[in-house]
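Novice: First the structure, then my questions, so here it is.
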């Protein structure tokens, strides 16, 4: 006779497999599918997600969880058994909170929202987008009521993307940061021409870009035997198991950054997914624990490692060997400064390490006030521009380059942006902790080795999969909650030196 | 209120989507997946096929079919409604005939069978394969009892792959053929050196091979906007909807035939799948009606068209333009003869148009006698070699090159081989009928046009999808049952001229 736990595990394995398959079907859609196959693909995804949802909220699953819980009442908190039951129960309860009607209505509202947003951005017309966004916000308010919250309504949305995250916590993180970051960025803004990054804007052969980036990430620890890289319009990382983690990239024939740093970034996500403990494969505990922790891994390899002086000490001569003409007159120092150029700008996805969090701050404050009843959808453009002026010292000339730039709101992704900043902060907090255990990490990086850094991440983050909630994991790994002190010190030290501020 | 028919259609659409997704997951496995991802992929496929099977045999589906049948009792036989209900009922009844235990046991037996076959072939040791094949045959006998049959036990297996096909029908088709084909092949066998195909065995750049083949199939009518071509070790065609039909090929850097004729062949399958009536998309009626009819389409474009003199009249100068050095001293006539070289050999997959059916005849007679109780697994090698000597005038020097060459039996594919011959016969029977309506087809082909031929296939075969059973479809399209007369006349005319026999 199978134990209650075994029965639950079997059922969950089915559910996980269906979710994995859905990710594969979506990967195919983004990377392989031909243009004429869209309608039938929508049919496939609808059938699959419907079936997955049915199982995820089924009474049968609820009963299996209950029985396994009783049977394993004595299991240690961090045993695989207790963790699996705990996470399954949490997922189950969350899935059952939303009525199917609300999910369908949101799906329709975001379909409309996306179309309206595309048009509004093209026409630089915020007013045209207002009705669709109002509808989405209204449905999100209903969702908030269904999910429940303690302090602030916005907490319910934050918690969807980052378990346990609250508006108060985000405010805490940003208020510390704001104090030092705004003056730093303004000081750099005054010397923006001190760094010349024109060497990155030259013709670069796509095959060579690809070969170089793939060589680097292989050395970092991305395992191509358990994954692959493809081209996609919007790069992403996806996984169907810890043994099948795929990344995508896009190439700009006249700009080195998108493919190169993009590949480091996605490889960071991918190494996290490839690093769950083998025993977790195929279970609800496999994979990354949250968007914020995931982003800490991508930012770590993209920025903390991939934009460091040590890194380029080893790799720049090799890059010069690939792009001989382009870099023959560019020194290591000039190249290092180029890849770290800071320029306060309007567009989040083009933002550098120093200004990125200010972009997020603007969005967070707007979203929080929207759900706190302090701000109307109509008033967003004015507030947006005011905040940009305050934090970055620049004002977007149009709404298309301002509050209409991102897809997120049209897709109903409200409460999502703060996870990007969490990623930035955590990338340095984790790196600094790893340094304490392995002080030779920078020296290793300077000779093209990443073993100790990856080992620390494997041991302290990756192996646990989803066993621990994000803030619990950070506490265990670094001995303290998420903080912005490390990140701010990192920025000050790095950019103080580069810009002499 | 949705009608009973609408309810059934919705349920079937879900089932069809799951089957489509399974095909996509398998396509990915064959073409994209990395080597280290195999174990998790097996888990995905197990979950998906389990769920699909559950729905396919569910009481719920049975009740929906019954209700729709009552509601549509007056619908015309060939209406979409009546056809969908009829096909759904047939699939349902067939799916419910096999007990789950038998399916699982067969799955285990073929896993073992495959491994034993690989070893036995490598060691040229039929005896080592006997126990595994005996087990498979024994389970197939149980399957036959579950499925039922009228005249010959083997009929139950034939019917699995080609609805309504019987041993008697195959015997009829082969006895006609044997009479004329065996002497023809022996006459050609005596003059095998009359054709030199060494021009096909030269170095050919893969990119050029690919570009040329894809140009040709685009002109034939394969729509790349609703499909794509990838490399695979064992080429195949698969589809996830009529708007997403993908083909695969393999390249031999020193032999032109595999990729070129292989691509024509798979494109033939693919055009059939792309050609179902749009109203059938996403329903149980979408796609090809049987393996045999499918093979008629692939063989049509590969051989009847792709190895014809008219075809190369137009395309050979273009091929010469791609492979300038290779063909500069080869005349059109020499090239045409080269791609039609006949040489009686041991290996089915390398067989030419003239000898191919003799390979199938050997396998059919052995399978039939195996299930008719006239032949023991142990005795297959001797019988195999005797028949090869009788029909082809050659005897395989080893069992590895004889009865151990094909994967089919180890995979439980018994009753499958005759569909290959059906495809050959039908390719010419259909082509001849098309010629009656469009006598200019050969002239069109000679100027690189395929419109009338494709139109005839679309109108008489493709558009119906699975609405008609294979033999019913052939009768409707050609006015008579499947026959071997046309094919034999085609071979005699074509090879009589080439070999002067």
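Novice: From the Cα gyration tensor of the protein assembly as shown, with a ≥ b ≥ c the square roots of its eigenvalues, which class applies: rounded if a/c is under 1.5, or else prolate if a/b is larger than b/c, or else oblate?
Specialist: prolate
Novice: Any idea what the residue A:50 label distances to the other copies are, label 7 Å down the Cα→Cβ vector, nm, shortest first?
Specialist: 2.3
Novice: Using a 7 Å offset from the Cα along the Cα-to-Cβ direction at both residue B:463 and residue A:55, what is the distance between the two label points in nm, to one decimal?
Specialist: 4.1
Novice: Tell me, how many Å apart are the Cα centres for the range A:452-470 and for the range B:361-408?
Specialist: 58
Novice: While we're on this one: Order by neighbour count: B:255, A:312, fewest other Cβ atoms within 10 Å first, most last.
Specialist: Fewest-to-most ranking of B:255, A:312: B:255, A:312.
Novice: What are the nm distances, shortest first, from residue A:401 to its equivalents in the other copies, labels at 7 Å along Cα→Cβ?
Specialist: The answer, with the shortest distance listed first, is 7.5 nm.
Novice: For a paramagnetic label modelled at 7 Å from the Cα of residue A:180 toward its Cβ, which residues of the range A:484-501 fall within the zone defined by backbone nitrogen distances under 14 Å?
Specialist: A:484-497
Novice: For a label point 7 angstrom out from the Cα of residue B:90 toward its Cβ, which stretches of the range B:450-471 have the backbone nitrogen within less than 13 Å?
Specialist: B:465-471
Novice: Follow-up. Quick one: Cα centre-to-centre distance for the range A:45-77 and the range A:279-351, in angstrom?
Specialist: First find each Cα centre; the distance between them is then 40 Å.
Novice: Distance from a point 7 Å along Cα→Cβ of residue A:398 to each backbone N in the range A:109-130: keep the residues under 19 Å and list them by number.
Specialist: A:115-130
Novice: To continue, here is another question. Roughly speaking, what is the stretch gain from residue B:100 to residue B:168, that is 0.36 nm per residue apart minus the C-alpha to C-alpha distance, in nm to one decimal?
Specialist: 21.4 nm
Novice: Give the Rg (one decimal place) followed by the Dmax (whole number) of the range A:4-97, computed from C-alpha coordinates and expressed in Å.
Specialist: 16.4, 55
Novice: Simple spin-label model, 7 Å along Cα-to-Cβ: residue B:198 to residue B:107 in nm?
Specialist: So the label points at residue B:198 and residue B:107 sit 5.3 nm apart.
Novice: Could you work out the relative contact order of the range A:4-97? I mean the mean sequence separation of Cα pairs under 8 Å and 6+ apart, divided by the number of residues, in percent.
Specialist: Rounded, it is 39 percent for the range A:4-97.
Novice: Just for the protein assembly as shown, what percent of DSSP beta bridges are antiparallel, to the closest 5?
Specialist: Counting DSSP beta bridges with both partners in the protein assembly as shown, the antiparallel share is about 55 percent.
Novice: To continue, here is another question. Calculate, for residue B:332 and residue A:211, the FRET efficiency according to 1/(1 + (r/R0)^6) with r their C-beta to C-beta distance and R0 41 Å; round to the nearest 0.05.
Specialist: After rounding, the FRET efficiency stands at 0.45.
Novice: Something else now. Label-point separation (nm) for residue B:123 and residue B:277, each offset 7 Å from Cα along Cα-to-Cβ?
Specialist: The answer from the label model is 5.6 nm.
Novice: Work out, step by step, the length gained on full extension between residue A:379 and residue A:472: first 0.36 nm times the residue separation, then minus their alpha carbon distance; give nm to one decimal.
Specialist: 29.7 nm
Novice: Continuing with the same structure: Which of B:346, A:240, B:236 comes first, and how do the rest follow, when ranked by fewest Cβ neighbours within 10 Å?
Specialist: Going from sparsest to densest Cβ surroundings: B:236, B:346, A:240.
Novice: How large is the translational diffusion coefficient of chain A in µm² per second when you combine the Kirkwood radius over alpha carbon pairs with Stokes-Einstein at 25 °C and 0.890 mPa s?
Specialist: The Stokes-Einstein estimate is 102 µm²/s.
Novice: Based on the Cβ-Cβ distance from residue A:146 to residue A:349, what FRET efficiency comes out when R0 is 45 Å, to the nearest 0.05?
Specialist: Step by step, r from the Cβ atoms, then E = 0.90.
Novice: Same structure, new question: Tell me what chain B gives for mean residue ellipticity at 222 nm when only DSSP H runs of n ≥ 4 count, each as -39,500 (n - 2.57), the sum divided by the residue total, rounded to 500 deg cm²/dmol.
Specialist: -20500 deg cm²/dmol
Novice: Let me ask something else about it. Using the count of nearby Cβ atoms within 10 Å as a rough guide to exposure, how do A:152, B:294, A:234 rank from fewest to most?
Specialist: The fewest-first ordering by Cβ neighbours comes to A:234, A:152, B:294.
Novice: For Cα pairs less than 8 Å apart in space and 6+ apart in sequence, what is the mean separation divided by the residue count of chain B, i.e. the relative contact order in percent?
Specialist: About 20 percent, as a whole number.
Novice: A further question on this structure: Write down the percent of antiparallel bridges among all DSSP beta bridges whose residues are both part of chain A, to the nearest 5.
Specialist: Antiparallel bridges make up about 60 percent of those DSSP assigns within chain A.
Novice: Please report, for residue A:130, the nm distances (one decimal) from its label point, 7 Å out from Cα along the beta-carbon direction, to the equivalent points in the remaining copies, shortest first.
Specialist: Nearest first, the other copies' label points are 8.7 nm away.
Novice: Still on this model: Going by Cα centres, the range A:114-184 and the range B:144-186 are how many Å apart?
Specialist: 68
The numbers here are math on the coordinates, done by the rules we state, and not lab data. Values in this document were obtained by computation on a predicted structure and should not be read as measured data. Heads up, the Cβs are rebuilt from the backbone with ideal geometry, glycines too, and the neighbour counts pull from every protein chain shown.
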